[in-house]
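See below for the structure under consideration.
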Amino acid sequence: MATIIAAARGWREGAGSCRPSLSMDRYAPLRRRTIALVGLMGVGKSSVGRRLANALELPFRDTDTEVETAAGRSISDIFADLGEEAFREGERRVIARLLDQEPHVLATGGGAFMNPQTRELIKGAAISVWLKTDLDVLARRVARKDTRPLLAGKDPLEVLQAQAQARYPAYAEADLMVETGDAAHHVTVEQVIAALSVHLAAGTETAASEASPP
């Protein structure tokens, strides 16, 4: 994985805004492939993803929402009635379908990238970005909601610690990793755009170098 911890960039027109600026054309290369956000629950994949999509003028898709729409029931009900295995299989099919669509920003579920087939699909059709935040920060965030089936009746920090141990090796296969800390979402959007820009520029330079005659 090409690990980039990006600093915020002042590309925005106004503080706290993720609206496209007049100079947004320089981000055209970022619109050529789907951008898939991966990471643990509570890291902000959906919130950051919506703002990132707005900034890049791309559609936004959330796999949890798409799974619920396809199944006609909530994630909690799917877990309760069918189990996690059935949910993951439905999630894999939904992601495969979404990756066949036009480029967009895709917020994946926390466990989606653990599936080897899903991971290969994302690697082949998208640029993957691992959003990483301290577990203490995540625990505070997820404790505010009681809608996450994997947290039912459990200590959030203990669940996150176990997930980090199991999932971080898979997340490390993402194209990029961005450390977000406890920053506001618009700051994380800046970090992601900066990391993507550096990543794509490096890839262009490598391709040009390989194509140059000896």
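In straight-distance terms, cross-link reach from LYS154 covers every one of the lysines whose alpha-carbon lies under 23 Å from its own, apart from those fewer than eight places away in the same chain; here that gives LYS45, LYS132, LYS145. Nonpolar atom fraction for the stretch 25-121, defined as the carbon and sulfur part of the 1.4 Å probe accessible area, stands at 43 percent. Identify, among LEU131, VAL142, PRO116, the residue whose Cα sits farthest towards the positive end of the charge dipole of the stretch 113-155, taking +1 on the Cβ of Lys and Arg and -1 on the Cβ of Asp and Glu, with the dipole about the Cα centre. Farthest towards the positive end: VAL142. Placing +1 on the Cβ of every Lys and Arg and -1 on the Cβ of every Asp and Glu, with nothing else charged, gives the stretch 43-141 a dipole about its Cα centre of roughly 320 debye. Full extension of the chain between GLU57 and LYS145 gives 28.7 nm of extra length, using 0.36 nm per residue less the Cα-Cα distance. For the peptides 106-113, 31-38, the ranking by mean Cβ contacts within 10 Å, running from highest to lowest, is 106-113, 31-38.
The values are calculated or read from the model by the stated rules, or taken from the named source; none is laboratory data. All of these numbers come straight from a predicted model, not from anything done at the bench. Every residue, glycine as well, gets a Cβ built from its backbone with ideal geometry; the counts of neighbours run over all protein chains shown. Only protein heavy atoms, including side chains, enter the accessible area calculation; ligands, DNA and RNA are left aside. Shrake-Rupley method; radii C 1.70, N 1.55, O 1.52, S 1.80 Å.
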